[in-house]
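Below is one structure, written out as structure tokens, with a few remarks after it.
Any read-out appearing in this document is the output of simple, stated calculations on the displayed coordinates, not a laboratory observation. Everything numeric in this text was worked out from a predicted model, so none of it was measured. Don't worry about glycine lacking a Cβ; one is built from the backbone with ideal geometry, like all the others, and counts go over all protein chains shown.
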Amino acid sequence: MKNVYGPVWVIAEQRDCRIRTVSLQLMGQAQKLAAGLNTTAEALLFGNLMEHHVRPLFAAGADRVFLGSNPQLAFYEPEIYVQAIVRLAQEHEPEIILLGSTAMGRELAPLVAARLQTGLTAHCTDLVLDENNILEQRIPAYGGLLSIICPQKRPQMAAIANGVFPMPEPDQDRSGEIIPVAVPEDVSPRLQTLEVVHQIPDEIPLESAAIVVAGGAGAGDPDGWRQIADLADALNAALGCTRPVVDEGWAPLESMIGQSGRMVSPELYIGVGLSGEQQHMVGITGAKVMVAINNDAKSPVFDQVDYGVVDDCREFVPVLIEKIKAYQKNQVTC
Ligand SMILES: Cc1cc2nc3c(=O)[nH]c(=O)nc-3n(C[C@H](O)[C@H](O)[C@H](O)COP(=O)(O)OP(=O)(O)OC[C@H]3O[C@@H](n4cnc5c(N)ncnc54)[C@H](O)[C@@H]3O)c2cc1C
């Protein structure tokens, strides 16, 4: 008998034939949603020579994997990927489609949603089924969580950042069906990826850092930002930021923490010159100890952290760096 609800899909991503962490996290969540709807959890995966690399998706909860494995799909090709996903969605009528809020997901999601004439919620921080089995797509807004629903159109589509959902415990005994997907032949892409050059990051990755220093608009100017970066260096910490810092061009988008940026869970988080807006703070909910430095004693950030310093960061940060360096020197010589 046909399920009342279509399957729950994850548009999975791979890099160098390894399934990306966010895709496995989404697969775990897709499995929970599928169980709630009494339907199947399924993944779509594109790449080359991927046949032997789909196991983690099954172990994370996939019942079926639609696999496009072909030299033409070796690199992410937006026009081909969109066409393949749209065709499959029209044929199999998924109830829900989940994508990572990654560079690829952020590009694919609106293109697919527009072609399928359905809704899309970006940067969700939770996904639950309501009493009518409609997907509540929760995003931080107006000082709380706003639930967005797509009551009429299908599929219901949501993009979610890495780290929002936990990694599911892999069940190595699980397996499922692999359904081969042909490359759409009627697409003449205007873009073609010729080569992928991996950038070797020279900074500590935010997601795995034990200490994160994040700077905000209170840095004031590039010199103020440099001081905050120096503080991160002194502490051997990863450097993150808020949106205004990206808008000012002091730091790249990849450093932005929060709802539309990265999710971090360090042992220690130090927020410098930032106001504690929810769209930023949602990205640090996993931090163990939180400190804020802000020159406004009434800043809402102080209600959300464990320790607060009320001071001008331009005055306080250089002194703090000096103290840290002096302490580190003593540690070495003692
Ligand atoms: C849909 C949506 C998604 C968003 N996603 C994100 C996201 O992922 N990440 C993100 O960061 N933002 C995001 N934002 C933006 C977010 O709402 C806030 O605007 C942003 O986080 C504020 O950054 P801020 O705290 O640096 O700046 P402000 O709110 O301007 O705060 C600056 C703070 O610095 C303090 N200050 C000023 N001068 C000094 C000084 N000399 N010394 C010490 N303190 C000083 C001030 O008292 C103030 O508290 C999003 C917004 C929307 C609408």
Worksheet item: What residue, of Gln117, Gln14, is surrounded by fewer than 23 Cβ atoms within 10 Å (Cβ to Cβ), within 20 Å of Asn162 (Cβ to Cβ), among the polar types (S, T, N, Q) and out of contact with any Asp or Glu (no Cβ under 8 Å at 6 or more places or on another chain)?
Response: Gln14
Practice prompt. Take Pro318 and decide whether it is within 13 Å of the ligand (Cβ to nearest atom), farther than 16 Å from Leu206 by Cβ, within 25 Å of the chain's Cα centre (by Cα) and outside any loop (DSSP other than H, G, I, E, B).
Written response: no
Discussion item. Show me the strands (runs of 3 or more DSSP E) found entirely inside region 125-237 where at least 1 residues are among the polar types (S, T, N, Q) and within 29 Å of Arg15 (Cα to Cα).
Written reply: 135-141, 156-160
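Can you name the residue in region 248-274 that is assigned to a helix (DSSP H, G or I) and farther than 21 Å from Ile293 by Cβ and is also nearest to the ligand (Cβ to nearest atom) among such residues? Break it down into steps so the answer makes sense when it comes.
Of the residues in region 248-274, the ones assigned to a helix (DSSP H, G or I) are 248, 253-255.
Next, only the ones that are farther than 21 Å from Ile293 by Cβ stay: 253-254.
Working: Leu253: 10, Glu254: 12 Å.
Taking the candidates together, the pick is Leu253.
Counting just the residues of region 130-144 that are more than 16 Å from the ligand (Cβ to nearest atom) and surrounded by 13 or more Cβ atoms within 10 Å (Cβ to Cβ), which one comes out farthest from Ala158 (Cα to Cα)? Steps first, please.
Taking region 130-144 first, the residues more than 16 Å from the ligand (Cβ to nearest atom) are 130-136.
Now narrow it down to the ones that are surrounded by 13 or more Cβ atoms within 10 Å (Cβ to Cβ): 133-136.
Working: Asn133: 16, Ile134: 13, Leu135: 9, Glu136: 10 Å.
Out of the qualifying residues, it is Asn133.
Considering only region 244-265, state which residues are without any contact (Cβ under 8 Å) to a residue 60 or more places away in the chain and crowded, with 20+ Cβ neighbours inside 10 Å. I'd like the intermediate steps shown before the answer.
Of all residues in region 244-265, those without any contact (Cβ under 8 Å) to a residue 60 or more places away in the chain come to 244-258.
Within region 244-265, Val245, Trp250, Ala251, Ser255, Met256, Ile257, Gly258 qualify.
Within region 33-49, is there a residue that is among the hydroxyl-bearing types (Ser, Thr, Tyr) and touching an Asp or Glu at 6+ places or on another chain (Cβ under 6 Å)?
Yes, that holds for at least one residue.
Which of the residues belonging to region 236-247 are within 11 Å of the ligand (Cβ to nearest atom) and among the hydrophobic types (A, V, I, L, M, F, W, C)? Working first, answer last.
Kept after step one, since they are within 11 Å of the ligand (Cβ to nearest atom), are these residues of region 236-247: 240-247.
Residues satisfying the conditions are Cys241, Val245, Val246.
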Item to complete: Could you please tell me which pairs satisfy a Cβ distance under 9 Å, a separation of 6+ or placement on different chains, a first residue in region 140-156 that is more than 15 Å from Leu120 (Cα to Cα), and a second residue that is away from the ligand (no atom under 14 Å from the Cβ)?
Response: Leu145/Asp126
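Could you list, in sequence order, the residues of region 179-210 that are acidic (Asp, Glu) and within 30 Å of Ala232 (Cα to Cα)?
Filtering region 179-210 for residues acidic (Asp, Glu) gives 185-186, 195, 202-203, 207.
Answer for region 179-210, where residues must be acidic (Asp, Glu) and within 30 Å of Ala232 (Cα to Cα): Asp202, Glu203, Glu207.
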Discussion item. Tell me whether region 172-185 contains one or more residues that are surrounded by fewer than 16 Cβ atoms within 10 Å (Cβ to Cβ) and free of Cβ contacts under 8 Å to residues at least 60 places away in the same chain.
Written reply: yes
Discussion item. Given (1) surrounded by 19 or more Cβ atoms within 10 Å (Cβ to Cβ); (2) more than 24 Å from the chain's Cα centre (by Cα), identify the lone condition not met by His52.
Written reply: (1)
Item to complete: Within region 181-224, count every residue that is under 21 Å from Met263 (Cα atoms) and within 16 Å of the ligand (Cβ to nearest atom).
Response: 8
